[in-house]
Structure formats: C-alpha cells, structure tokens
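What follows is a single structure, written as structure tokens, with notes after it.
The values are calculated or read from the model by the stated rules, or taken from the named source; none is laboratory data. Please read all numbers here as calculations on a predicted model, not as lab measurements. Here the Cβ is made from the backbone with ideal geometry for all residues, glycine too, and neighbour counts use every protein chain on show.
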C-alpha cells in the first residue's frame, strides 16, 4: 500500500511490540489472548504471519492516550492483525484497532494488507470467523467479496455467541485482483483525505 506515501507504517509484528499489542487486545476483546499466545505465534508457529500498523503522528501532537502503547522513541501501534497460512488457505486469526483510532480506515487497511500478503504467498482463499452480531465487520468483509460459508455454534466463550465463517475464494484470479486494486485505490484516497484533515486540525490547534 505504499508506506512512504501515507502517515502510517505497516511492518511485521515483533516480540518487542507485544506489550503495545496487548494494550489494544485487552481493550478490544472480552477474552483477550495472553502475551504467551503471541510469543508462541511469533516464535513457534511456522504458519503464522502478524503485522502492525504504526501512526506517523508528529511529536507535537502526541498525547497521553497512546503513550502506554509504544516503546520510547517509536511510532505508536494503532492496530494489528494476523493470519495462518496452511497450503493455499489464509485464515485470519485476529484483527484489532485501538479504540481511539477506530472509524478511520485502519481496520480496512489491515484487512487489505493481510489479503495482499496472502496473495504474495500464493494463497488462493482467505477465511475468518466473525460474531453474528458484528454487522460492521461483516459489511467490511462483504466489501472484499467474503461470503458466509458456515456457522460455528457457541463459538465465542464469553457469551456463547455463534460465529459466521466467511470466505473469499479465487483471490489470485485476474477478476478478483482487478476488484481488489480498485478497492485499494479507494482506501488510499480515504486515508490521504483523513491524513490531510488531521494535519489541518493540528495546524489550527497550533495557532490557538
């Protein structure tokens, strides 16, 4: 997605990132994964691939809410995601964005980045589970041609809610690649507009 063109950086998750990831994890899920689980995913699971998105926030605008989310001197992690690649199937295992940064397109950016990564690794399909009540996430997945292919009854242990299995196949075909490229371009436009709006707001605040 061209890291140099936008106020974000996408890179592989490292063990040093886990404390920041855990802050978002605990704020996003009723039954969060443990840091031990992430250690296993990053160091022992040969099928796993995890990424983080960092915000290039100017120092003058850095505020208290994210100071817990980063190492001193680094850019704050505002979201992360991961998938397992087994043969030609990429299974998205997690995706989350910091509560203060939701609604800005970063969840979609993470999804796009994982699909793009899966395509580069010769995957032909992507699957995931989503709560039946999570209409916002389902709408995003539908946008990228995911369809419901099954249901896992009482899948979520916190409230025994069912999960929908959503799948997109043929991600390496020219037809899907063309649609995917159009969606990427639209997302890029949105993120640029968001960045410009944020920059304008920062300048206005600096003049007060």
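Being modelled with pLDDT of 95 or more and either crowded, with 19+ Cβ neighbours inside 10 Å or under 13 Å from the mean Cα position of the chain (by Cα) (or both) narrows it down to one of 156, 141, so name that one.
Going through 156, 141 in turn, just one is modelled with pLDDT of 95 or more and either crowded, with 19+ Cβ neighbours inside 10 Å or under 13 Å from the mean Cα position of the chain (by Cα) (or both): 141.
Cβ-Cβ distance below 7 Å, separation of 6 or more or different chains: which pairs start in the range 166-193 with a residue that is without any contact (Cβ under 8 Å) to a residue 40 or more places away in the chain and end on one that is exposed (fewer than 13 other Cβ atoms within 10 Å of the Cβ) and in a loop (DSSP other than H, G, I, E, B)?
What qualifies is 176/170.
Could you run through the range 99-117 and say how many residues are touching a residue at least 60 places away in the same chain (Cβ under 8 Å), surrounded by 18 or more Cβ atoms within 10 Å (Cβ to Cβ) and more than 10 Å from the chain's Cα centre (by Cα)?
Residues flagged as touching a residue at least 60 places away in the same chain (Cβ under 8 Å), surrounded by 18 or more Cβ atoms within 10 Å (Cβ to Cβ) and more than 10 Å from the chain's Cα centre (by Cα) within the range 99-117 amount to 3.
Which residues, counting only those in the range 118-133, are farther than 23 Å from residue 28 by Cβ and within 17 Å of the chain's Cα centre (by Cα)?
119
Would you point out the residue of the range 20-42, among those that are in a helix (DSSP H, G or I), out of contact with any helix residue (DSSP H, G or I) (no Cβ under 7 Å at 6 or more places or on another chain) and free of Cβ contacts under 8 Å to residues at least 40 places away in the same chain, that is surrounded by the fewest Cβ atoms within 10 Å (Cβ to Cβ)?
Among residues in the range 20-42 that are in a helix (DSSP H, G or I), out of contact with any helix residue (DSSP H, G or I) (no Cβ under 7 Å at 6 or more places or on another chain) and free of Cβ contacts under 8 Å to residues at least 40 places away in the same chain, the one surrounded by the fewest Cβ atoms within 10 Å (Cβ to Cβ) is 36.
Checking the conditions here, which among 129, 116 is closer than 22 Å to residue 48 by Cα, modelled with pLDDT of 95 or more, out of contact with any strand residue (DSSP E or B) (no Cβ under 7 Å at 6 or more places or on another chain) and not in a loop (DSSP other than H, G, I, E, B)?
Going through 129, 116 in turn, the sole match is 116.
Return a yes/no flag: does the range 75-98 have any residue that is on the phi < 0 side of the Ramachandran plot, modelled with pLDDT of 95 or more and either out of contact with any strand residue (DSSP E or B) (no Cβ under 9 Å at 6 or more places or on another chain) or part of a helix (DSSP H, G or I) (or both).
The answer is yes, given that some residue of the range 75-98 is on the phi < 0 side of the Ramachandran plot, modelled with pLDDT of 95 or more and either out of contact with any strand residue (DSSP E or B) (no Cβ under 9 Å at 6 or more places or on another chain) or part of a helix (DSSP H, G or I) (or both).
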